[in-house]
Amino acid sequence: MTLAEPATRHPALHKVDAEANRQLTTLDGWRKFVEGPPPPPVLLSPRDLRLRTPVERDLYDDDRLDHHARMLVVATSFVEKTVVCGRRLVLLNRHAISARRGLMVSGLPGTGKTSAITQLGRAHELLDRARHPNVPDRIPVLYVTVPPAATARMVAAEFARFLGLPVRHRSNMTDIIEAVVGVCTDTRTGLVLVDEIHNISQVTRAGAEVSDTLKYFSERIPATFVYAGIDIENSELLAGTRGAQIAGRFTLVPTRPFPYGDEWKGLVATLEETLLLHDHPPGTLVKLDRYLHNRTDGMIGALSHAIRGAAIDAILNGTERVTKDGLDAIPLDHTAETPKTPLKKTAHR
């Protein structure tokens, strides 16, 4: 593997911008995600670095910045459990005529819910591609998010948007649903991922209609449905009769912050191995694993953000190493930054 020359790597920067704007909620963006990120740039030796012109050095640094800006997906125990459970349900549903069972992935923000379900989707699509090579018209996986204050039509339109189907103002719900079901059936969609499901409330009329629409899709599309959201088990998604139906058909996989232990230490070590910095002593972050756990509350999203952010700063400021001071300078999300108040002990009388 060699570093691509800048002249061939950056012939048109607008193509880079187009890549950055791709979204998982479009078929084109999803397929790019399934294909995987580009290979990381090779870290140049000091001699090769000195031979670079200023422009070449800037482009080389830009490649490294782009590498650190990408979210690394680590095969955590939670990701593996989600993939195994999802794969099992796909197999169990393969010959089901009705009452197919689904999967719910629930947890706090930053605990890896989206990463887990998208890795499940990626694994499913790669397997489908291997089974059906040279068949480009298959769409094995569909990924949508539920917008805030969603209506049934909005959610149906999200399905259509992923598939590239036009949704006009005069299109009614029946037209949209029939078009989506027709395409999914023809293209053998086997897995439907619905993220941000906590935005649905069964206690409102609009939320109930959204729930009914998703249920109708699940009945018409011969696929396994996977929901992901924040604290689903305690949300209004499972309220009332409709919620009881969902709870009775879906398996729940909860995610939690990582405790300080071997897996957390492994996560830190894995993230450190991805750093492409010229003056970073190996093992520096491993020695800071307890500090990183305290700083991020065991949230993998906050951990990744802190390390990648500090690496980007290290390239921009020329230090080329991630230090505790550099990590301290990276602002995290409000939850991670809020000091934790210890529980007061109840005095015994």
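Being of a type in the set (Gly, Ala, Ser), part of a helix (DSSP H, G or I) and surrounded by fewer than 16 Cβ atoms within 10 Å (Cβ to Cβ) is the filter here; which residues of segment 152-209 pass it? If you could, list the steps in order and put the result at the bottom.
First, pick out the residues of segment 152-209 that are of a type in the set (Gly, Ala, Ser): 152, 156-157, 160, 164, 171, 179, 182, 190, 201, 206-208.
Subset that is part of a helix (DSSP H, G or I): 152, 156-157, 160, 179, 182, 206-208.
Those that are of a type in the set (Gly, Ala, Ser), part of a helix (DSSP H, G or I) and surrounded by fewer than 16 Cβ atoms within 10 Å (Cβ to Cβ): Gly182, Ala206.
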Practice task
Scan segment 219-260 for residues that are without any contact (Cβ under 8 Å) to a residue 24 or more places away in the chain and touching a helix residue (DSSP H, G or I) at 6+ places or on another chain (Cβ under 9 Å) and jot them down.
Solution key: Ala244, Ala247
Exercise for the section: Could you check, for segment 332-340, whether at least one of its residues is crowded, with 18+ Cβ neighbours inside 10 Å and at pLDDT below 95? Expected result: yes
Exercise for the section: All but one of (1) surrounded by 20 or more Cβ atoms within 10 Å (Cβ to Cβ); (2) of a type outside the set (A, V, I, L, M, F, W, C); (3) under 17 Å from Thr251 (Cα atoms) hold for Glu125, so report the exception by its number. Expected result: (3)
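The values are calculated or read from the model by the stated rules, or taken from the named source; none is laboratory data. What you see is a predicted model, and the numbers here were worked out from it, not measured in a lab. Glycine gets a Cβ as well: all are built from the backbone with ideal geometry, and neighbour counts include every protein chain shown.
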